[in-house]
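One structure below.
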2 protein chains.
Amino acid sequence: MCGTKGCLVKCSPFPSATPENGTTDTTLININLDHGDPIMYESYWRKMGNRCDITFNGYESLSYFANGKSLCWFLESKLEDEIKRLHSVVGNAIVDDRYVVVGTGSSQLMQAALYALSPADQPEPISVVSAAPFYSSYPEVTDFVRSGLHKWAGDARNFEKNEPYIEFITSPNNPDGVIRKPVVNRDQGILIHDLAYYWPQYTAITSPANYDVMLFTVSKCTGHAGSRIGWALVRDKEVARKMTKYMEISTIGVSKEAQLRAAKILGVISDSCLDPTLENFFEYCRSLMIDRWQRLRQVVKANDLFTLQKYPLQYCLFTKNFYESHPAFAWLMCKESEEDCEKLLKEHKIQTRSGRKFGSDPRNVRISMLSKDEDFNIFLRRLAAIGGLTNGN
Amino acid sequence: MCGTKGCLVKCSPFPSATPENGTTDTTLININLDHGDPIMYESYWRKMGNRCDITFNGYESLSYFANGKSLCWFLESKLEDEIKRLHSVVGNAIVDDRYVVVGTGSSQLMQAALYALSPADQPEPISVVSAAPFYSSYPEVTDFVRSGLHKWAGDARNFEKNEPYIEFITSPNNPDGVIRKPVVNRDQGILIHDLAYYWPQYTAITSPANYDVMLFTVSKCTGHAGSRIGWALVRDKEVARKMTKYMEISTIGVSKEAQLRAAKILGVISDSCLDPTLENFFEYCRSLMIDRWQRLRQVVKANDLFTLQKYPLQYCLFTKNFYESHPAFAWLMCKESEEDCEKLLKEHKIQTRSGRKFGSDPRNVRISMLSKDEDFNIFLRRLAAIGGLTNGN
């Protein structure tokens with residue numbers, strides 16, 4: 001019977017996996033693919049040995065202030081240099097004549113951008129929109145302290161008001177991996193480009209991004225989510241200054257240890273792209289993503305219960321090849337129109353995030369593609385088993 | 001003539017200092033004592049050699065999640081352990097049956113506490129007060145995004161409304177170093193105790209603090225302001241959960257590198273208090289503070305233009321001795337009632353923070369006592385020179 005150990009073993013091409021506790025009975029383990037925790041990249045960093053080691057002694061980095069001359073007074077100059085170098089190596093964003101603002105992850109930078117871009121002299125908060133399915137944190141980040149500066153106004157496609165607005169454009173999009181453009185396209189629109197996933201392991205780099213406010217994060221680029229380092233590339237000096245002010249009031253800057261370690265790691269990634277004796281970080285991670293996506297598509301095709309988002313082939317300037325997106329999340333849809341996909345998967349001990357949270361349909365779920373190998377393998381076997389169970393039990 | 005190099009050299013007991021640029025002409029250097037940047041402790045950490053060294057390799061701390069079982073899901077268990085251990089060693093706060101919530105400095109924890117303690121079901125924001133002179137960041141932190149949850153309502157002594165309120169109690173107080181109790185003392189009051197300076201280098205530890213919400217920060221305890229690590233000790237589980245939620249939405253946790261380094265440093269401080277072969281951190285820093293305060297009081301007494309806050313002798317349970325407070329900031333007042341003290345000092349290239357910013361009088365300024373030796377020495381010489389100038393030039 002499917003869903004039993006016997007079935008799991010037969011269900012090739014899913015490599016057999018032994019749970020951490022040493023038993024082969026995986027039926028009790030809850031697999032959490034709700035968060036996009038990027039621990040998959042650990043294998044790369046292990047291969048790099050001590051190349052990324054960084055040591056802090058007790059008397060370093062005492063001051064609130066950083067050593068640089070940046071407008072962002074707490075930004076370590078090493079980090080600024082390595083951010084600019086990596087963008088130049090990858091070719092995914094214009095860095096010339098941009099101000100770099102560092103944040104405690106890109107979440108803080110979203111709030112800093114909202115703070116900087118919201119009109120300060122208006123009695124009513126500015127509307128904040130994003131096209132559904134939108135990143136599930138945007139409504140929460142916009143509204144959680146009931147700010148009088150900005151308020152969440154939902155799906156950008158339904159925004160009809162003739163008034164100023166802020167639009168988040170996430171490209172590739174979280175949750176569905178689609179390449180996006182602004183959708184409101186009206187006067188008085190202020191745009192924030194969230195480019196967390198615009199890296200070669202996920203998608204083709206088709207041109208260097210060239211927008212007013214661009215957000216990036218170490219978490220999704222390198223896999224070091226625990227460091228909480230994000231950055232913004234900002235065209236306008238006054239906007240960069242206000243974003244820096246936000247960071248100053250909310251956290252008086254950003255951890256120096258995290259900044260200096262991030263600088264080291266970004267540096268190693270740039271080196272790995274330039275030095276043929278090193279394993280190219282993006283090539284390595286791209287191979288992992290391609291492998292996972294191929295296996296997922298096989299299972300989805302076989303059980304006929306679900307569909308997955310499709311992506312076009314695009315020419316990647318970084319890899320010099322045609323490449324289909326292999327996003328950090330799978331956006332899975334139940335074919336059955338009445339189905340609650342999150343609930344269905346939960347019954348099979350697969351924890352995902354419902355389409356509802358992205359302003360979309362409960363037929364959809366977002367599934368992290370960046371989990372540990374073991375969890376990913378169990379997930380695939382269970383997904384296959386759902387097909388078996390539904391067809392025959 | 002006072003204010004010249006000749007005078008500066010004569011103005012003993014101020015050790016002569018050579019500015020970093022190698023010149024002895026200090027007249028052009030602007031001395032910034034506005035921020036409480038605690039770089040004074042660097043000498044202690046240098047003495048500790050490599051005892052605080054911590055190395056991160058590339059594959060550590062990738063996950064958003066920490067390794068502990070804390071309600072605060074991103075809190076590293078090593079940090080939780082060392083926080084509790086240090087409080088037990090020093091005796092400055094009750095840790096039993098308290099939840100530890102870690103923040104990106106205590107500024108973020110102030111906001112988290114406001115978020116957690118503000119009623120979520122009220123149409124009007126709750127009033128937030130603190131007795132003047134109050135920490136200059138409270139109004140800004142409360143109001144900067146125009147929250148509908150809470151609003152700054154000024155000096156707690158003037159709060160007359162018969163409605164719920166939140167009161168910040170800073171003890172020892174920033175800016176004036178005074179030991180404080182709540183001042184409103186009415187029903188429906190919610191208290192946040194900001195105990196950033198309740199450490200033995202600044203004040204006598206008279207009893208372990210035992211309040212509902214207590215805020216601490218590494219910056220003022222150890223001097224590692226660049227790490228941006230603070231923590232809250234919280235009695236109520238639901239409040240701790242909401243504070244954790246705030247941190248989750250605003251920054252998805254707190255840098256793991258900063259947490260682990262802070263754990264290491266707090267551990268070394270506890271060791272230094274327990275192991276007689278090590279130099280006791282608090283004793284060392286207390287000596288520095290006593291020396292600076294004695295020298296400052298000498299200058300102030302000599303020039304007859306200013307007065308300083310006085311502090312009572314109190315028995316310290318940690319040092320087992322009577323001790324007068326030697327706060328992290330001096331709260332200096334011009335005797336002349338019309339004088340703008342910040343302006344006066346600025347003319348002498350001493351940058352301080354006006355009493356106005358603390359809800360108080362422009363006759364007062366707050367002056368950091370934690371600067372580099374060199375800056376402190378220049379400050380004292382200039383302060384002495386003001387007396388000379390005013391009396392004779």
Let me confirm something: among A:ALA112, A:ALA132, which residue is assigned to a loop (DSSP other than H, G, I, E, B) and touching a residue at least 60 places away in the same chain (Cβ under 8 Å)?
A:ALA132
Of all the helices (runs of 4 or more DSSP H) wholly in region A:167-275, which have at least 3 residues that are within 13 Å of chain B (Cβ to nearest Cβ) and in contact with an Asp or Glu (Cβ under 8 Å, 6 or more places away or on another chain)?
A:256-274
Just one listed residue, out of B:SER136, B:SER118, is within 14 Å of chain A (Cβ to nearest Cβ), under 16 Å from the mean Cα position of the chain (by Cα) and either over 30 Å from B:ALA204 (Cβ atoms) or of a type in the set (S, T, N, Q) (or both), and it is B:SER136
Kindly indicate whether B:ASP37 is within 12 Å of chain A (Cβ to nearest Cβ), out of contact with any Gly (no Cβ under 8 Å at 6 or more places or on another chain) and either under 28 Å from B:TRP331 (Cα atoms) or at pLDDT below 95 (or both).
yes
Residues B:ILE386, B:ILE367, B:ILE378: which one is modelled with pLDDT of 95 or more, of a type in the set (Val, Ile, Thr) and either farther than 29 Å from B:LEU313 by Cβ or touching a His at 6+ places or on another chain (Cβ under 6 Å) (or both)?
B:ILE378
If you go through A:PHE318, A:PHE322, the only one that is under 20 Å from A:ILE179 (Cβ atoms) and touching a strand residue (DSSP E or B) at 6+ places or on another chain (Cβ under 6 Å) is A:PHE322
Kindly indicate whether A:VAL145 is within 11 Å of chain B (Cβ to nearest Cβ), surrounded by 18 or more Cβ atoms within 10 Å (Cβ to Cβ) and assigned to a helix (DSSP H, G or I).
no
Inspect all residues belonging to region A:214-235 and state whether any of them is surrounded by fewer than 23 Cβ atoms within 10 Å (Cβ to Cβ), modelled with pLDDT of 95 or more and within 30 Å of A:PHE65 (Cβ to Cβ).
yes
Taking region A:307-320 and the residues there that are surrounded by 13 or more Cβ atoms within 10 Å (Cβ to Cβ) and without any contact (Cβ under 8 Å) to a residue 60 or more places away in the chain, the one that is nearest to A:GLY223 (Cα to Cα) would be A:LEU308
When the residues of region B:48-78 are filtered to those that are more than 9 Å from chain A (Cβ to nearest Cβ) and small (Gly, Ala, Ser), which remaining residue is nearest to B:VAL239 (Cα to Cα)?
B:SER70
Testing A:SER368 on (1) touching a helix residue (DSSP H, G or I) at 6+ places or on another chain (Cβ under 8 Å); (2) closer than 17 Å to A:ASP291 by Cβ, one condition comes back false. Which one is that?
(1)
Where a residue in region A:207-222 is of a type in the set (Val, Ile, Thr) and its partner, wherever it lies, is in a loop (DSSP other than H, G, I, E, B), with Cβ under 7 Å and at least six apart
A:THR217/A:ALA196; A:VAL218/A:HIS224
In this structure, does A:TRP45 turn out to be aromatic (Phe, Trp, Tyr), within 14 Å of chain B (Cβ to nearest Cβ), in contact (Cβ under 8 Å) with a residue 40 or more places away in the chain and not in a helix (DSSP H, G or I)?
no
Go through (1) more than 25 Å from A:LYS242 (Cα to Cα); (2) outside any helix (DSSP H, G or I) for A:CYS72 and report which single condition fails.
(1)
State yes or no: is B:CYS316 within 23 Å of the chain's Cα centre (by Cα) and modelled with pLDDT of 95 or more?
yes
Any pair with Cβ under 8 angstrom, 6 or more apart, that starts in region B:141-158 at a residue that is without any contact (Cβ under 8 Å) to a residue 12 or more places away in the chain and ends at one that is among the hydrophobic types (A, V, I, L, M, F, W, C):
B:ASP143/B:TRP152; B:PHE144/A:ILE249; B:VAL145/A:VAL145; B:VAL145/A:LEU149; B:ARG146/A:LEU149
Tell me which residues, restricted to region B:116-125, are under 22 Å from B:LEU233 (Cβ atoms) and not in a helix (DSSP H, G or I).
B:SER118
Of the conditions (1) in a loop (DSSP other than H, G, I, E, B); (2) farther than 27 Å from A:ILE39 by Cα, A:GLU279 satisfies every one except a single condition; which number is it?
(2)
Being touching a Gly at 6+ places or on another chain (Cβ under 9 Å), of a type outside the set (A, V, I, L, M) and in contact (Cβ under 8 Å) with a residue 40 or more places away in the chain is the filter here, so list the residues in region A:223-235 that pass it.
A:HIS224, A:ARG228, A:GLY230, A:TRP231
Being closer than 14 Å to A:ASP304 by Cα and acidic (Asp, Glu) is the requirement here; does A:GLU336 meet it?
yes
Which residues, counting only those in region B:343-393, are part of a loop (DSSP other than H, G, I, E, B) and closer than 15 Å to B:PRO175 by Cβ?
B:THR352, B:GLY359, B:SER360, B:ASP361, B:PRO362, B:ARG363, B:MET369, B:LEU370
If we scan region A:186-201, do we find a residue that is closer than 25 Å to A:ASP97 by Cα and of a type in the set (Lys, Arg)?
no
Scanning region B:89-114 for residues that are within 16 Å of B:VAL218 (Cα to Cα) and among the small types (Gly, Ala, Ser), the one farthest from the other protein chains (Cβ to nearest Cβ) turns out to be B:ALA93
For region B:49-58, check the following and say yes or no: at least one residue is in contact with a helix residue (DSSP H, G or I) (Cβ under 6 Å, 6 or more places away or on another chain), closer than 25 Å to A:LYS220 by Cβ and small (Gly, Ala, Ser).
yes
Please work out if B:VAL128 is more than 9 Å from chain A (Cβ to nearest Cβ), over 29 Å from B:SER354 (Cα atoms) and buried (at least 20 other Cβ atoms within 10 Å of the Cβ).
no
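The values are calculated or read from the model by the stated rules, or taken from the named source; none is laboratory data. This one's a predicted model, so the numbers in the text were calculated from it and none came from an experiment. Ideal geometry is used to build each Cβ from the backbone, glycine not excepted, and the neighbour counts take in all protein chains shown.
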